[in-house]
Amino acid sequence: MDSTNEYLDENLRKAKSVLAHADCVIVGAGAGLSAAAGLLYLDFNTFDTWFKGYAKRYGLAYIYEAAFYHFPTPEEYFAYWARHIGTIRYNHPPGEVYRTLYNFLKDRQHFIITTNVDGQFEKAGFDPDKLFTPQGDYAFFQCSKPCTNELFHNKEIITALLSDLETSPFAVKSEHIPRCPYCKSLLEPNIRKAYNFVEEPCVKMKRSYMEFLEVCSRKKTALLELGVGYNTPTTIRFPFEQFVIQNRNASLIRVNMNDGQTTLPLADNYTLSLNGEGMVS
C-alpha cells in the first residue's frame, strides 16, 4: 500500500473514532456533496442532457453558467428556471450519499448547515428544523423588487410553467409568468446571488443553528465538512476552523476531492483530511 492510501486509511480510522465518540455532530455541506449525488453543475454532458438545445441556442455549457445567464425575455428566463428547478429540486431523487448520512445521523444529536439549495437533505429525510440553508432554497420564489419578505412555495407554479414547454420548449406563455401578488414585480428564485436576496426567513434557522453551536461548545463535538470549497468560505469553511480553534473538545473532519487542507496552526486537536473518495460509514 502506498503512503497516500496509508494516510487516507489512517484518517478514516481516526474519523470513525471521532464520530463514534462525539456527543453531537455539526455537518457543513457544499456543492461537492451534491456532485456526489449526481448534481453536476460544471459538467457539459449533464447540462446537455437536462437542458437539451440550450448549448446551441444560447451558447451555454454548464448548469452553473446558465444559472447566471441573462435570458433575453421573461418568457425565456422562466422557461429555463422551470426546467432548472423542476429537474434539480423536484425530480432528482435523494442521492445515496445523503441517505447514508441520514441513516448515520437520524438518532444522533446533530445540525446541518449547507450552501446547497437543491433540497437533497430534505428529500433524504432530514428534519427541516435541524437544517440551516443560508443561500436559500429552489423550492421558493421571492419578489424580485423585493417589496415583501414573504416567500412563495413554487411547486405548482413550476408544474404549470413546465406544461407550457411541451409546445414551446424555450419560452413559457406570457400570461403564466409568475408575479408578486402585492406589487406585480416578477418573482424569482429565492437564492443568494444578488443584493435583493430575501433572507429574513433564514434568520429563525440561523438562531437555532447558533444556539446549537453554543450547546456543542460544551460537549465533545465532531464537525463533519463535506465537499466545501472556496466559493463561499466564510459560510462554513472558516467558521468550522474557528470553532475548532476555540473549542478544545471539537474535531474537524474535512472531506474534499481537491482541497482537504486542515492544518490549523492554533489547533492541536483533531483536524482530519479525507481527500479523494474516502467517506465515513
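The values are calculated or read from the model by the stated rules, or taken from the named source; none is laboratory data. Fair warning: this is a prediction, and the values are worked out from it, not measured in the lab. Ideal geometry is used to build each Cβ from the backbone, glycine not excepted, and the neighbour counts take in all protein chains shown.
Data overview
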| read-out | value |
| --- | --- |
| Filtered residues of the stretch 78-129 (kept if closer than 29 Å to E211 by Cα and aromatic (F, W, Y)) | Y98, Y102, F104, F111, F121, F126 |
| Counted residues, the stretch 137-164 - those being of a type in the set (D, E) and under 17 Å from K204 (Cα atoms) | 2 |
| Test: residue in the stretch 40-55 that is under 19 Å from V255 (Cα atoms), under 24 Å from the mean Cα position of the chain (by Cα) and of a type in the set (A, V, I, L, M) | yes |
| Residue list for the stretch 151-166, restricted to those being touching a residue at least 40 places away in the same chain (Cβ under 8 Å), in a loop (DSSP other than H, G, I, E, B) and out of contact with any Asp or Glu (no Cβ under 9 Å at 6 or more places or on another chain) | N154, L165 |
| Residue match in the stretch 95-104 (condition: in contact (Cβ under 8 Å) with a residue 12 or more places away in the chain and either of a type in the set (V, I, T) or under 30 Å from P181 (Cα atoms) (or both)) | yes |
| Matching entry among K184, K130, K173, K123 (being touching an Asp or Glu at 6+ places or on another chain (Cβ under 6 Å) and surrounded by fewer than 19 Cβ atoms within 10 Å (Cβ to Cβ)) | K173 |
| Condition met for P169 (touching a residue at least 60 places away in the same chain (Cβ under 8 Å), part of a strand (DSSP E or B) and over 12 Å from P74 (Cα atoms)) | no |
| Residue check, E211 surrounded by fewer than 16 Cβ atoms within 10 Å (Cβ to Cβ), of a type outside the set (A, V, I, L, M, F, W, C), farther than 19 Å from Y69 by Cβ and at pLDDT below 95 | no |
| Test for T148: is it within 13 Å of the chain's Cα centre (by Cα) and under 19 Å from E188 (Cα atoms) | no |
| Check on Y182, modelled with pLDDT under 95 and in a loop (DSSP other than H, G, I, E, B) | no |
| Answer from N196, N249, N190 - the residue that is over 28 Å from W50 (Cβ atoms) and among the polar types (S, T, N, Q) | N249 |
| Test: residue in the stretch 193-205 that is outside any loop (DSSP other than H, G, I, E, B), under 23 Å from Y98 (Cα atoms) and touching a residue at least 60 places away in the same chain (Cβ under 8 Å) | yes |
| Subset of the stretch 50-77 [β-branched (V, I, T) and either in contact with an Asp or Glu (Cβ under 7 Å, 6 or more places away or on another chain) or closer than 21 Å to V117 by Cα (or both)] | I63 |
| Residue match in the stretch 25-34 (condition: touching a Cys at 6+ places or on another chain (Cβ under 8 Å) and of a type in the set (A, V, I, L, M)) | yes |
| Residue match in the stretch 42-53 (condition: hydroxyl-bearing (S, T, Y) and modelled with pLDDT of 95 or more) | yes |
| Selected residue (only one of L33, L39, L8, L60 is surrounded by 13 or more Cβ atoms within 10 Å (Cβ to Cβ), in contact (Cβ under 8 Å) with a residue 40 or more places away in the chain and not in a helix (DSSP H, G or I)) | L39 |
| Hits in the stretch 172-192 - residues which are acidic (D, E) and touching a residue at least 40 places away in the same chain (Cβ under 8 Å) | E188 |
| So F111, is it assigned to a strand (DSSP E or B), modelled with pLDDT of 95 or more and touching a Lys or Arg at 6+ places or on another chain (Cβ under 8 Å) | yes |
